[in-house]
Amino acid sequence: MATANPALVPEITVHSVEPEPRGWVSWITTTDHKRIGILYLVTTFVFFLLGGVEALLMRVQLGAPDNTFLTPATYNALFTLHGTTMIFLFVVPIMAGFGNYFLPLMIGARDMAFPKLNALSYWLLLSGGIVFYVSLFFSPPEAGWTSYAPLSGSVYSPGSGIDAWIFLIHLTGISSLIGAINFYATIANMRAPGMGWGRLPLFVWSLLVYAILLILALPVIAGAVTLLLTDRHFGTGFFDQGQGGDPLLWQHLFWFFGHPEVYIMILPGFGMISEILPVFARKPIFGYKAIAAATVVIAFLALLVWAHHMFSTPSATIVLVFFMVSSFLIAIPTGVKIFNWIATLWRGTVEFKTPLIFSVGFISVFLIGGITGIFLAVFPVDWQLTDTYFVVAHLHYVLVGGSVFAIFAGIYYWYPKITGRMLSESLGKWSFGLMYVGINVTFLIQHSIGLDGMPRRVYEYPDVGNLALYNLISTIGSFMLGLGVVVTAWNVVRSLKKGARSGPDPWKANTLEWFLPSPPPANNFDVIPRVRSVEPMKDIRRQIARQSETPVELGAAEPTPR
Amino acid sequence: MLSLCAALVGVLALAGGASAGFLTPESGGSPNADDIDTLYKIILAVAVIVFVGVEGVLLYSLVKFRARKDAVPAQIRGNTRLEIGWTLGASVVLIVLAVVTFAMLPGIRNPPDSDPDGFPTDEIATVQNASAYQPRPPSGEALNIDVNGQRYAWRYTYPDQDDNVLNDVFSYETLVVPTKTTVTLTIRAQDVAHSWWIPKLGGKFDAVPGHLNFTWFKISEPGTFKGQCAELCGRNHTDMVAKVVAIEPDAFERWLANKRREIDAANAAAQERRAAEAAGPTDADADTPAARETPAEQTPPDEDE
């Protein structure tokens with residue numbers, strides 16, 4: 001493998017470059033990780049908008065007490081579609097989208113380890129989404145994204161909606177599983193010369209752990225939904241207490257997958273924040289090893305906390321105590337990350353560009369979700385809070401304030417690399433402002449809605465106490481949040497043509513993707529630079545500066561006659 | 001630090017009785033609900049300190065270290081002592097919370113004895129619905145009611161002196177209980193999973209088919225406590241409401257006797273009808289499903305609230 005001489009900028013091409021294939025056929029047949037990454041990002045963002053519309057419909061229904069805008073059946077279908085879409089078709093795969101595009105670039109690879117498998121991952125994801133959404137025209141599933149047995153069994157959910165849900169889990173599951181294997185193989189084998197584990201970018205660390213968690217958790221849910229499928233169609237009764245099965249078995253299997261899934265959705269976000277903060281504080285990340293280690297510890301503990309979703313089921317006290325303590329433990333590495341991020345800002349020179357603003361917004365809002373997580377980990381308190389809007393508030397602080405803010409930070413940070421254009425800063429700041437206020441207006445009050453006694457997954461509520469006011473506030477907030485998302489969507493479309501040209505490295509960032517032109521050419525690197533530290537671009541810029549000093553000095557000594 | 005303490009005091013003041021349902025969970029019906037409320041407030045106090053502290057430092061570092069002319073970012077890569085320090089700090093906070101929880105757990109999990117002037121439960125067949133895992137008061141005596149979740153109503157079965165559950169008094173939706181008496185609940189489901197929840201009487205306990213779940217409450221003053229099913233159970237999940245009506249022990253005794261008479265009368269009427277059907281030619285009108293149902297099951301229990 002050749003080692004780059006960083007002095008040679010712009011890059012020298014040592015062979016003739018074939019023109020990039022164009023047209024829609026080239027997009028369908030592509031195995032280029034960057035194109036697959038773009039397909040992932042665009043597809044998942046469309047699903048994000050669909051899930052958002054579903055959420056807004058629910059908020060309209062709940063905007064007034066005893067509302068009749070939606071029927072109970074439609075409402076149940078909507079929250080099932082919303083939860084399933086956001087988790088399986090947006091947050092998890094959009095992280096794979098960022099990973100697809102940037103993982104090879106950040107580690108100095110020319111593509112993923114298995115490019116064809118990579119394409120298969122994407123097409124399975126799209127198939128899963130289509131299979132699921134086609135059920136809209138028949139009988140959409142109504143059992144929630146958790147599809148608890150026996151409600152999801154053939155007796156109580158005779159329609160084909162649950163089957164569509166099962167096939168979605170299978171298709172997106174296989175997609176994620178082979179994607180995860182691909183990530184792992186790529187990271188393990190295709191790093192640039194000199195990039196040891198201690199020089200792996202933190203986003204790549206988080207993708208590595210994301211991949212391992214997917215590989216460990218997905219087979220469990222795949223098995224569980226297969227049992228559900230045979231229960232529904234072949235009379236097996238794995239989840240039927242009348243036939244020697246057990247509804248609680250479903251809950252255990254589901255959450256054994258479901259809790260790691262939570263960290264699958266947030267860890268890559270943590271990784272993005274860890275990349276973005278140092279760039280805009282102009283300071284190295286504080287505690288690189290602590291953050292990488294915390295990522296690994298969180299992943300390990302994530303496999304040991306599943307039953308905290310089941311504190312109100314019939315459980316022995318020792319079980320409750322174990323899962324309370326393990327959930328407490330996971331707060332420690334999460335706290336360590338937050339402290340390290342703040343320490344990264346400390347004594348830096350913070351530049352308030354949109355990616356940084358979203359990252360800081362992430363920290364401030366994710367913290368609230370983390371703290372309410374402690375309330376829910378204390379099982380006697382959880383007995384009051386579980387299955388109420390308090391939980392809805394908690395999980396949205398973590399997923400919207402956490403994952404979505406990280407994703408938006410990532411969009412603003414990496415859009416110039418993907419398109420060669422800058423996003424509008426002013427639209428970005430408007431989007432952030434609307435989303436930040438929107439999140440807090442929507443979800444802060446939902447803690448009180450839950451404390452006031454309103455369970456989740458109810459299509460209406462009586463006009464008692466302050467429920468009407470609280471819910472109206474939440475509905476208003478949700479539309480602000482939606483507007484903020486639309487502003488960024490508009491920004492992304494508009495900047496494709498109108499954005500300022502970004503050049504290869506608009507942020508003066510630290511990692512290898514900024515070494516390449518924007519957008520990067522097919523096969524990325526002609527020559528792969530040798531990595532000498534955790535911030536290779538700093539080394540490269542320093543070297544260029546050193547080498548370009550020489551001619552300037554020479555020029556000063558011997559001025560060229562003009 | 002001073003402002004931190006002031007904020008804390010402020011929040012705790014707010015978190016007093018008036019704020020139940022805004023900053024704190026509902027309570028006031030039963031000692032276990034009150035203990036959960038206290039535990040919640042302790043966590044809230046710690047949470048507010050952590051929240052104000054972390055957000056404060058974050059905000060400070062954003063304002064203080066914003067990019068300015070001539071400002072040079074310090075190239076610090078970490079500090080092992082600091083890492084160990086905040087890891088230990090977070091651990092200590094969590095250990096304190098765990099210890100407090102364990103200290104308060106028995107009061108929440110284990111039912112107390114009934115008051116001396118409560119409803120006498122010593123003659124009631126406590127073997128009914130008994131489970132080895134069901135927490136019992138120290139005296140071993142409580143009014144144990146079977147709560148059965150079914151789409152979309154709760155069915156309550158009250159114990160009596162014999163072991164036959166088929167002749168027990170039952171009701172739907174509204175659970176009538178005596179005050180000053182420890183009421184233990186055996187919670188089950190007969191179709192899909194449900195969750196029993198009356199916010200002022202303590203937390204949720206899922207009713208899962210094939211399993212028994214347990215909770216208890218003890219109400220000191222007569223009153224009505226409302227709740228609803230908290231686990232998605234189908235399209236009418238929202239309408240699966242529950243109400244606990246607490247009345248004085250002697251009123252409860254009268255209510256129980258009344259209810260028993262109603263059920264006995266209904267049973268007798270049903271038997272009479274069956275005998276008539278067996279004897280004479282079947283009357284088409286009498287054979288409709290509506291006519292076969294017992295009146296007690298038809299009319300919701302009417303008790304003064």
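The values are calculated or read from the model by the stated rules, or taken from the named source; none is laboratory data. Bear in mind that the values here come from a model prediction, so they are computed numbers and not experimental data. Note that each Cβ is placed from the backbone with ideal geometry, even for glycine, and that neighbours are counted across all protein chains shown.
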Problem - When residues of region A:311-333 are limited to those that are more than 8 Å from chain B (Cβ to nearest Cβ) and assigned to a loop (DSSP other than H, G, I, E, B), the one farthest from A:PRO268 (Cα to Cα) - result: A:SER315
Fill in the blank from the handout: Going through region A:376-390 in order, the residues found to be free of Cβ contacts under 8 Å to residues at least 12 places away in the same chain and of a type in the set (A, V, I, L, M, F, W, C) are A:VAL381
Handout entry: Of the criteria (1) under 20 Å from A:LEU216 (Cα atoms); (2) surrounded by fewer than 24 Cβ atoms within 10 Å (Cβ to Cβ); (3) away from chain B (no Cβ under 14 Å), which one A:THR146 fails
Key = (3)
Practice task
Inspect all residues belonging to region B:75-85 and state whether any of them is in a loop (DSSP other than H, G, I, E, B) and touching a Cys at 6+ places or on another chain (Cβ under 9 Å).
Solution key: no
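Listed here are the residues, each with its yes/no results for (1) within 12 Å of chain B (Cβ to nearest Cβ); (2) in a helix (DSSP H, G or I); (3) out of contact with any Pro (no Cβ under 7 Å at 6 or more places or on another chain); (4) basic (Lys, Arg).
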residue: A:ILE445; (1), (2), (3), (4): yes, yes, yes, no
residue: A:GLY450; (1), (2), (3), (4): yes, yes, yes, no
residue: A:GLY453; (1), (2), (3), (4): yes, no, no, no
residue: A:SER478; (1), (2), (3), (4): no, yes, yes, no
residue: A:VAL486; (1), (2), (3), (4): no, yes, yes, no
residue: A:LYS497; (1), (2), (3), (4): no, yes, yes, yes
Fill in the blank from the handout: So the helices (runs of 4 or more DSSP H) completely within region A:346-403 holding 3 or more residues that are modelled with pLDDT of 95 or more and among the aliphatic types (A, V, I, L, M) are A:354-377, A:389-398
Exercise for the section: Would you mention how many residues in region B:51-95 are of a type in the set (Lys, Arg), within 13 Å of A:THR349 (Cβ to Cβ) and within 9 Å of another protein chain (Cβ to nearest Cβ)? Expected result: 3
Problem - Selection within region A:99-119 - of a type in the set (Lys, Arg) and not in a helix (DSSP H, G or I) - result: A:ARG110
Exercise for the section: Could you tell me whether region A:250-272 includes any residue that is surrounded by fewer than 24 Cβ atoms within 10 Å (Cβ to Cβ), within 13 Å of chain B (Cβ to nearest Cβ) and at pLDDT 95 or above? Expected result: yes
Exercise for the section: Test A:ARG35 against the criterion of being assigned to a helix (DSSP H, G or I) and over 16 Å from A:THR419 (Cβ atoms), and give yes or no. Expected result: no
Completion exercise
Of those in region A:284-310 that are under 17 Å from A:ALA377 (Cβ atoms) and not in a helix (DSSP H, G or I), the residue farthest from the other protein chains (Cβ to nearest Cβ) is A:LEU303
Practice task
Only one of these is within 14 Å of chain B (Cβ to nearest Cβ), part of a helix (DSSP H, G or I) and of a type outside the set (S, T, N, Q): A:ALA96, A:ALA55, A:ALA73. Name it.
Solution key: A:ALA73
Completion exercise
So, first residue within 14 Å of A:LEU249 (Cβ to Cβ) in region A:144-157, second residue part of a loop (DSSP other than H, G, I, E, B) and small (Gly, Ala, Ser), Cβ within less than 8 Å, six or more apart or across chains; the pairs are A:TYR148/B:ALA193; A:PRO150/B:ALA193; A:SER152/A:ALA143
Exercise for the section: State yes or no: is A:ALA299 touching a strand residue (DSSP E or B) at 6+ places or on another chain (Cβ under 8 Å) and not polar (S, T, N, Q)? Expected result: no
Problem - Residues that are touching a residue at least 40 places away in the same chain (Cβ under 8 Å), at the interface with chain A (Cβ under 9 Å from one of its Cβ atoms) and over 30 Å from B:ASP168 (Cα atoms), drawn from region B:101-126 - result: B:THR101, B:MET104
Fill in the blank from the handout: Within region A:147-188, residues under 19 Å from the mean Cα position of the chain (by Cα) and under 22 Å from A:TYR133 (Cα atoms) come out as A:LEU168, A:ILE169, A:LEU171, A:THR172, A:GLY173, A:ILE174, A:SER175, A:SER176, A:LEU177
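Okay, residues lined up against (1) free of Cβ contacts under 8 Å to residues at least 60 places away in the same chain; (2) in contact with a helix residue (DSSP H, G or I) (Cβ under 8 Å, 6 or more places away or on another chain); (3) buried (at least 17 other Cβ atoms within 10 Å of the Cβ):
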residue	(1), (2), (3)
A:ASN466	yes, yes, no
A:SER474	no, yes, yes
A:GLY484	yes, yes, yes
A:LYS508	no, yes, no
A:GLU513	no, yes, yes
A:PRO521	no, no, no
A:SER533	no, yes, no
Exercise for the section: State whether the residues of region B:125-139 include one that is surrounded by fewer than 22 Cβ atoms within 10 Å (Cβ to Cβ) and assigned to a strand (DSSP E or B). Expected result: no
Problem - All positions within region A:351-361 that are within 17 Å of the chain's Cα centre (by Cα) and either within 16 Å of A:THR442 (Cα to Cα) or basic (Lys, Arg) (or both) - result: A:GLY361
Handout entry: Residue check, A:LEU423 more than 13 Å from chain B (Cβ to nearest Cβ), in a loop (DSSP other than H, G, I, E, B) and over 24 Å from A:GLY144 (Cβ atoms)
Key = yes
Practice task
Could you please find all residues in region A:212-231 being free of Cβ contacts under 8 Å to residues at least 40 places away in the same chain and buried (at least 24 other Cβ atoms within 10 Å of the Cβ)?
Solution key: A:ALA224
Exercise for the section: May I ask you to list the residues in region B:235-247 that are surrounded by fewer than 22 Cβ atoms within 10 Å (Cβ to Cβ), facing chain A (nearest Cβ under 7 Å) and in contact (Cβ under 8 Å) with a residue 24 or more places away in the chain? Expected result: B:ASN236
Exercise for the section: Filter region B:14-32 for residues that are modelled with pLDDT of 75 or more and under 16 Å from A:PHE375 (Cα atoms) and give the result. Expected result: B:GLY21, B:PHE22, B:LEU23, B:THR24, B:PRO25, B:GLU26
